[in-house]
1. If DNA, RNA and ligands are ignored and the probe is 1.4 Å, what is the ranking of ARG373, ARG261, ARG132 by accessible area, most exposed first?
2. Any chance you could look up the accessible area of THR222 with a 1.4 Å probe, heavy atoms only, rounded to 10 Å²?
3. Based on a Kirkwood Rh over C-alpha pairs, give the Stokes-Einstein translational diffusion coefficient of the stretch 375-513 at 10 °C and viscosity 1.306 mPa s in µm²/s.
4. Checking a compactness column here: for the stretch 84-158, what do you get for Rg(Cα) / (2.2 N^0.38 Å), N being the number of residues?
5. How high is the relative contact order of the chain, given as a whole-number percent (alpha carbon pairs under 8 Å, six or more residues apart)?
6. Accessible surface of MET79 in the full protein assembly, 1.4 angstrom probe, to the nearest 10 Å²?
7. Just the number, please: carbon plus sulfur as a percent of the accessible area of the chain, 1.4 Å probe, no ligands or DNA/RNA counted.
8. Would you tell me the accessible area of CYS381, worked out with a 1.4 angstrom probe on the heavy atoms of the protein chains, in Å² to the nearest 10?
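The values are calculated or read from the model by the stated rules, or taken from the named source; none is laboratory data. All figures in this text were calculated on a predicted structure; none of them were measured in a lab. Neighbour counts run over all protein chains shown; Cβ positions are idealised from the backbone, glycine included. These area figures cover heavy atoms from the full protein model, side chains too; ligands, DNA and RNA do not enter into them. Shrake-Rupley method; radii C 1.70, N 1.55, O 1.52, S 1.80 Å.
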Amino acid sequence: MGRALFILLCALLFGAPLVGGLFLLLAEGLAAHNLRLLLDQPGLWHSLMLSLWVAGASTLGALLLTALVLAQGDGRPWMRWLRRLLSPLLAMPHVAFAIGFAFLLAPSGWLLRLLSPALTGFEWPPDWQSVRDPLGLGLIAALILKETPFLLLMALSALDPARVARQQWLGQTMGFSPPQIWWRLLLPALWPALRLPLYAVAAYGLAVVDLAQLLGPDAPPTLAVRLWLWYQDPDLGWRGVSASGALLLLAANLLLLAALRLLEWGHLNMGKAHCLNGVRRARAPLGHHWTGLLVWSLLAINLLVLASLLLWSLTRRWPFPALWPSQWNSRYWQDLLPTLAPLLGQSLLLALASATMALLLVILSLEAQQGRRPWPLWLICLPLLLPQASLLFGLRLQIDGLGGGIGWGWVLWSQLLFVTPYVYLCLHGPYRQFDGRLSQAALLLGASPWRAWWRVKAPLLARPLLFAFGVGAAVSLAQYLPTLLFGAGRVVTITTEAVAIGSGLNRRLAGLYGLLQLLLPLCVYALVLWLPARLNPALKGAR
C-alpha cells in the first residue's frame, strides 16, 4: 500500500506535469502561424547545426577522454590524484568555470600572458576571437572539461572492483596488457551503464543556455539561446515561436541520441572482430604519457580558473602582457559582500532544500524497489534526456494555462525535476551493489526496518549518500533556466546574477560573482562530510 502511494505521489508531482507540458508544447508549437514565423527566421538552420555540432563534439570528446583515462590510468599516480579530486571538480559550477575559462582564453587572458611577449612578440592583445568564436570551439572545450569528470564518476560507480580485479587477472594470464584489457573487456561492458549519463551530457550540450551566453557564438547564437531570447521578447506572439523552436530542438535531441545509440551498436558489433582477434601488444608508453598529460592539463586548467577568478576579483589594474596585476583593490569585496548575504542565503537555502528532498525521494524509491523489478532508469532520468529549454517551456505553458505560478516553491519544484535524476544516478549503482543479506540479518535479529537501515545500510553507504547530497546541492546551485522561468525575477540566485554580470564587461565584478558561486558548493561538500559524523556516531567511519 505504501509503495503504491509513493508511486502515485511521484506521478502527480513529476509525471503528470511532464506529460501535460509536452502535449501543450506540441499543440502550441505545431500551430501553422508559429511554424511559419519560426521558419522565416534568418540563420535558423545555422543555429540548429551549430547546436548539433557543439553537443556532438563535446559529448564525443568527453567520452573519448573518459575512455582514455580508464584504459591508461590503472596504477598511475595521476589516476589516484584524479579520483581524489573528483569531488572538487564536480563541485565547480558550470557558470563559474565558464567565467574563469573566458579569463584564460580571451586575447588578453592569462594563457596568452604566459607566452607574451617572449614567445609571441605581442605587446597588445591580438585581434583574435578566442571567446565566442563562430565555431563554438571555446564552448566545446569548456563542456568537455566539465563533463569528463561526471562521466568518469558514473563509470567508476558502475564498476564492481572485485569483478574488475578478476577480469584484469584473467586478461594478464592470457598475455594482454592493461590497456588492452580495458579496451577489449571492460569498456564494452560499460556501455549500458554509461548510456544514460552520455545521453544526459548530449542533451545538456544541445540545450545549454548559460554557458552558451558566456562562451558560445552570438552571430547567430545556438538555437537554445535564440529560444530564450524569443521567449523574453515583450511581444507575446514570440512565445509561440519559442514553442515551435523548442519542438525543433527536441527533434534535434532525438536525432543526436539516435546517433549515439548507433555509435554504441557499431562499437559493440562491428568492433567485436577486433576485440576477439587475440593480438597481444605491450603497453605503449606514449599512450599513457599523453593521457597523463591530458589529465594534468585538466587539473591545471581548473586550478587556473580558480586562480583567475580570485585575481580578477582583487584587481584594480592589470595591463597586458603583465603576468600579474600591477595594482590591487579589494573594493568590490568590501562594498558588495555585505549586501550579497540575502542572495547567497537564498541560493544556499534552495540548494539544501532541493538536495534534501531529492535524496529523500531517491532513497524511498530505491527502497521501494528492493526485492522487486527495478523501475526503468530511462524513465527516472527523462528530464535529463530531453532538452531543458523544450521541457521547461512546456511546463511554463501548462502552468500559465492554470493561472500562473511564480515564486520560491515553484523554483524549488522545477529544480527538483533535474536534481532528483542526478542524485538517483549517483546512488543507483551503490544501492545495486549493496549486499542485502546484511540488512536481512539485522531484521532477523529483531531490528525494525528503519533501525536496520540507519544502523547497517546507512553507515555502509555513507560515502555515496553524502556524495549524492553534495551533487544534488551543486546541481541546484547551477540551475539557470528553471530559476528564471519560475522565479520571473522575484527569486534571484547567485547563478542568475553571475550569468548576467559575466556577460558584461566588468571582469572584476564577474570574478567576484564567479568565485562566490564556486565557494557555495564547496561549502556544501565540506558540510556533508563534517556534519553527519557529529550527529550520528554510526557515520564516524565515513570519510
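1. So the residues, ranked largest to smallest area, are ARG373, ARG261, ARG132.
2. Using a 1.4 Å probe on the heavy atoms, I get roughly 10 Å².
3. In µm²/s, the coefficient is 89.
4. 1.36
5. 24
6. 20
7. It is 68 percent, rounded to a whole number.
8. 0
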